[in-house]
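The values are calculated or read from the model by the stated rules, or taken from the named source; none is laboratory data. Remember, predicted model here, so these are calculated numbers, not experimental data. Heads up, the Cβs are rebuilt from the backbone with ideal geometry, glycines too, and the neighbour counts pull from every protein chain shown.
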Number of protein chains: 2
Amino acid sequence: MIKVVLLGAGNVAFHLAKAFLRSDQIQIIQVFNRSEDAFSFFPNSLSTTTSLSKILDADCYIISISDDSINEFSATLPFSNKLVVHTSGSVAMNQLHSKNRRGVFYPLQTFSKNTEVNFAEIPVFVEAETKTDLQLLQKMGRSISKKCFEINSEQREKLHLAAVFVCNFVNHLYHIGYELATENDIPFELLMPLIKETARKLDDGIPSTMQTGPAKRNDKKTMAKQLEILHLQEHKEIYSLLSNAIANHYGRKKL
Amino acid sequence: MIKVVLLGAGNVAFHLAKAFLRSDQIQIIQVFNRSEDAFSFFPNSLSTTTSLSKILDADCYIISISDDSINEFSATLPFSNKLVVHTSGSVAMNQLHSKNRRGVFYPLQTFSKNTEVNFAEIPVFVEAETKTDLQLLQKMGRSISKKCFEINSEQREKLHLAAVFVCNFVNHLYHIGYELATENDIPFELLMPLIKETARKLDDGIPSTMQTGPAKRNDKKTMAKQLEILHLQEHKEIYSLLSNAIANHYGRKKL
């Protein structure tokens, strides 16, 4: 069994813990977090600590905290020459403090506490400084997912950026759609078949071949009217920028 | 059987035709289009014409053409006092010429010729000037979909605008994600589990409760670095605008 300590208790740590608990090759021996609060989401059976000095001896330490804090936090760890990895898409491996052996264990998915995910389908991207450590991370990745790939920090950075566009920004557009629908007494769920089909269609072809809508069709009257209907300046700006981007891509004129 | 003539032979007409052909209550007696080319996608069994003067007598005429052309085209129809509807989300019913009885038959979905859709799950929104015509459109809607609703032009306009955000704009973000991934030798299909889960999560809660990512977490270092990585000015602008919109919504500071 690979002994693992989770450092951090946010959404990623929570879903990793659930996946590791189902694996017969990984044992979570401890969860560390600065505050007790987050532990309430984790199974009672897991050992927890809020004290850095009480962290147990493990084969792999997995840091799942805010990207901005990884560098500093890794320097505060009171041990050395251990395998310490982070789970961030955008932080380079060498941002971890060099007193430990460094690596990355990046599951490409959007995690919320109250949603179930099927980890078997989530690609896990790993990186390490040595072949032995890489093999350990690959073993861990393959014990929870069908898809585990080695990828360097530069590629991972690009992959994460792509993920920001197709997930985080997309979700904000869902949010705007939600606001527009509900403020007009239209149940948001009526948009769900459209939302799911827009994602599903990508199984049939690349996004640019699937584009539809007023900007693609160059329906100028519709675009002018829709811009007028929007009452928030921010929504107008997003509408113009994305419509123009679509129009540019398909060789239409600007709004 | 309700006798229908399709006016236009684009993506919407194509998918409507497929759904009507499966219905035991609707008979497509003709498809009109200005040019012959588009007919090649339709079943050979359907009668077609490119001449307005040869349009047959029907219970309902369905205009599926570019939004901008609906008004003008409806005025050129060489008959009157017939039920003429369009399938557009954003065009008001009264944009149809008043020499005919007017209505709307709007299926809320994104249609591409080379993708199959399950019409039974697609909400159809209908509107008419008289109760009798409304009932006919509802009968047509219910014969191809489990969800048929009456909605007025103003609400439909808002619904369509929401659809532009959650479908058309979302697909363009998929396209940007595709470009970022493939230009870095990362297969786009590795992003598919993330894309589908981002859509699926909305079954569990409204979009704002599902937001994740650097802008939501206020990871400023990550955002600054990602802005720097993007090499197209258009991508930078989209990144900044959407990150700021997310930050604003969750009470963070601007980039």
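Among the numbered criteria (1) within 14 Å of another protein chain (Cβ to nearest Cβ); (2) in a loop (DSSP other than H, G, I, E, B), which one does B:His97 miss?
Evaluating B:His97 over (1) within 14 Å of another protein chain (Cβ to nearest Cβ); (2) in a loop (DSSP other than H, G, I, E, B) leaves (1) as the failure.
Go through (1) under 15 Å from B:Phe20 (Cβ atoms); (2) among the small types (Gly, Ala, Ser); (3) assigned to a loop (DSSP other than H, G, I, E, B) and name the single condition B:Gly89 misses.
With (1) under 15 Å from B:Phe20 (Cβ atoms); (2) among the small types (Gly, Ala, Ser); (3) assigned to a loop (DSSP other than H, G, I, E, B) applied to B:Gly89, the lone miss is (1).
Considering only region A:50-57, I want to know if a residue exists there that is more than 14 Å from every other protein chain (Cβ to nearest Cβ), among the acidic types (Asp, Glu) and either closer than 29 Å to B:Lys225 by Cβ or surrounded by 22 or more Cβ atoms within 10 Å (Cβ to Cβ) (or both). Step through it out loud before you land on a result.
From region A:50-57, those more than 14 Å from every other protein chain (Cβ to nearest Cβ) are A:50-57; that's our starting set.
From the residues that got through so far, the ones that are among the acidic types (Asp, Glu) too are A:57.
Within this subset, residues satisfying the condition of being either closer than 29 Å to B:Lys225 by Cβ or surrounded by 22 or more Cβ atoms within 10 Å (Cβ to Cβ) (or both) are none.
Checked against the condition, which is being more than 14 Å from every other protein chain (Cβ to nearest Cβ), among the acidic types (Asp, Glu) and either closer than 29 Å to B:Lys225 by Cβ or surrounded by 22 or more Cβ atoms within 10 Å (Cβ to Cβ) (or both), region A:50-57 yields no hits at all.
Look at B:Ser64 and say whether it is in contact with a His (Cβ under 8 Å, 6 or more places away or on another chain) and either free of Cβ contacts under 8 Å to residues at least 12 places away in the same chain or of a type in the set (S, T, N, Q) (or both). Quick ask: steps written out before the conclusion?
On the way: in contact with a His (Cβ under 8 Å, 6 or more places away or on another chain): yes; either free of Cβ contacts under 8 Å to residues at least 12 places away in the same chain or of a type in the set (S, T, N, Q) (or both): yes.
In short, yes.
Provide a single number: the residues in region B:104-137 that are among the polar types (S, T, N, Q), under 19 Å from the mean Cα position of the chain (by Cα) and more than 15 Å from B:Val12 (Cβ to Cβ). So that I can check it myself, show each step before the final result.
First pass over region B:104-137, keeping only residues among the polar types (S, T, N, Q): B:109-110, B:112, B:114-115, B:118, B:130, B:132, B:135.
Then keep just the ones that are under 19 Å from the mean Cα position of the chain (by Cα); that gives B:109-110, B:112, B:114-115, B:118.
When the remaining residues are screened for being more than 15 Å from B:Val12 (Cβ to Cβ), the result is B:118.
Within region B:104-137, residues that are among the polar types (S, T, N, Q), under 19 Å from the mean Cα position of the chain (by Cα) and more than 15 Å from B:Val12 (Cβ to Cβ) number 1.
Looking only at region A:134-180, count how many residues are within 30 Å of A:Asn81 (Cβ to Cβ), among the charged types (D, E, K, R) and surrounded by fewer than 19 Cβ atoms within 10 Å (Cβ to Cβ).
4
Checking the structure you have, find out if any residue of region A:13-36 is in a helix (DSSP H, G or I) and among the acidic types (Asp, Glu).
Within region A:13-36, the first condition is being in a helix (DSSP H, G or I), and the residues that meet it are A:13-22.
The next check asks that each one be among the acidic types (Asp, Glu); those that pass are none.
No, region A:13-36 has no match at all.
Restricted to region A:171-202, and to residues that are under 18 Å from A:Gly213 (Cα atoms) and hydroxyl-bearing (Ser, Thr, Tyr), which residue is farthest from the chain's Cα centre (by Cα)?
Taking the candidates together, the pick is A:Thr198.
Being small (Gly, Ala, Ser) and in contact with a helix residue (DSSP H, G or I) (Cβ under 8 Å, 6 or more places away or on another chain) is the requirement here; does B:Gly205 meet it? Talk me through it step by step, then tell me what you get.
Values: small (Gly, Ala, Ser): yes; in contact with a helix residue (DSSP H, G or I) (Cβ under 8 Å, 6 or more places away or on another chain): no.
So B:Gly205 fails the test.
Is it the case, given these coordinates, that B:Thr87 is surrounded by 14 or more Cβ atoms within 10 Å (Cβ to Cβ), free of Cβ contacts under 8 Å to residues at least 24 places away in the same chain and β-branched (Val, Ile, Thr)?
Details: surrounded by 14 or more Cβ atoms within 10 Å (Cβ to Cβ): yes; free of Cβ contacts under 8 Å to residues at least 24 places away in the same chain: no; β-branched (Val, Ile, Thr): yes.
When the stated conditions are applied, B:Thr87 does not pass them.
Go through region B:93-129 residue by residue and tally those that are among the small types (Gly, Ala, Ser) and surrounded by 17 or more Cβ atoms within 10 Å (Cβ to Cβ).
3
One line per residue, one yes/no per condition, for (1) at the interface with another protein chain (Cβ under 7 Å from one of its Cβ atoms); (2) in a loop (DSSP other than H, G, I, E, B); (3) buried (at least 22 other Cβ atoms within 10 Å of the Cβ):
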site: B:Met192; (1), (2), (3): yes, no, no
site: B:Arg200; (1), (2), (3): no, no, no
site: B:Thr209; (1), (2), (3): no, no, no
site: B:Thr212; (1), (2), (3): yes, yes, no
site: B:Ala215; (1), (2), (3): yes, no, yes
site: B:Met223; (1), (2), (3): no, no, yes
site: B:Leu227; (1), (2), (3): no, no, no
site: B:Lys236; (1), (2), (3): no, no, no
site: B:Leu241; (1), (2), (3): yes, no, no
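Out of the residues in region A:139-170 meeting the condition of being within 19 Å of the chain's Cα centre (by Cα) and more than 14 Å from every other protein chain (Cβ to nearest Cβ), tell me which one is nearest to B:Met192 (Cα to Cα).
Within region A:139-170, the first condition is being within 19 Å of the chain's Cα centre (by Cα), and the residues that meet it are A:140-142, A:144-170.
Narrowing further to those that are more than 14 Å from every other protein chain (Cβ to nearest Cβ): A:140, A:142.
Working: A:Met140: 22, A:Arg142: 19 Å.
Looking at residues that are within 19 Å of the chain's Cα centre (by Cα) and more than 14 Å from every other protein chain (Cβ to nearest Cβ), I get A:Arg142.
For the structure I just gave you, tell me whether B:Arg142 is farther than 22 Å from A:Arg217 by Cα and touching a helix residue (DSSP H, G or I) at 6+ places or on another chain (Cβ under 7 Å). If you could, list the steps in order and put the result at the bottom.
Values: farther than 22 Å from A:Arg217 by Cα: yes; touching a helix residue (DSSP H, G or I) at 6+ places or on another chain (Cβ under 7 Å): no.
Against the criterion (farther than 22 Å from A:Arg217 by Cα and touching a helix residue (DSSP H, G or I) at 6+ places or on another chain (Cβ under 7 Å)), B:Arg142 does not qualify.
Can you tell me which residue among B:Leu46, B:Leu16 is more than 21 Å from A:Thr212 (Cβ to Cβ) and in the same structural domain as B:Ser143 (by TED's automatic domain parsing)?
On the way: B:Leu16 fails: more than 21 Å from A:Thr212 (Cβ to Cβ).
Residue meeting the stated conditions: B:Leu46.
In region B:172-187, what count of residues is obtained for those that are more than 7 Å from every other protein chain (Cβ to nearest Cβ) and either under 19 Å from A:Lys196 (Cα atoms) or not in a helix (DSSP H, G or I) (or both)?
Kept after step one, since they are more than 7 Å from every other protein chain (Cβ to nearest Cβ), are these residues of region B:172-187: B:179, B:182-183, B:185, B:187.
Subset that is either under 19 Å from A:Lys196 (Cα atoms) or not in a helix (DSSP H, G or I) (or both): B:183, B:185, B:187.
Matching residues across region B:172-187 total 3.
Is at least one residue of region A:39-55 hydroxyl-bearing (Ser, Thr, Tyr) and within 23 Å of A:Gln138 (Cβ to Cβ)?
Filtering region A:39-55 down to residues hydroxyl-bearing (Ser, Thr, Tyr) leaves A:40, A:45, A:47-51, A:53.
Pick out the ones that are also within 23 Å of A:Gln138 (Cβ to Cβ) and you get none.
Among the residues of region A:39-55, not one is hydroxyl-bearing (Ser, Thr, Tyr) and within 23 Å of A:Gln138 (Cβ to Cβ), which makes the answer no.
Of the residues A:Lys113, A:Lys82, only one is basic (Lys, Arg), within 12 Å of another protein chain (Cβ to nearest Cβ) and in contact (Cβ under 8 Å) with a residue 24 or more places away in the chain; which? Lay out the reasoning, then the answer.
On the way: A:Lys82 fails: within 12 Å of another protein chain (Cβ to nearest Cβ).
Of A:Lys113, A:Lys82, the one residue that is basic (Lys, Arg), within 12 Å of another protein chain (Cβ to nearest Cβ) and in contact (Cβ under 8 Å) with a residue 24 or more places away in the chain is A:Lys113.
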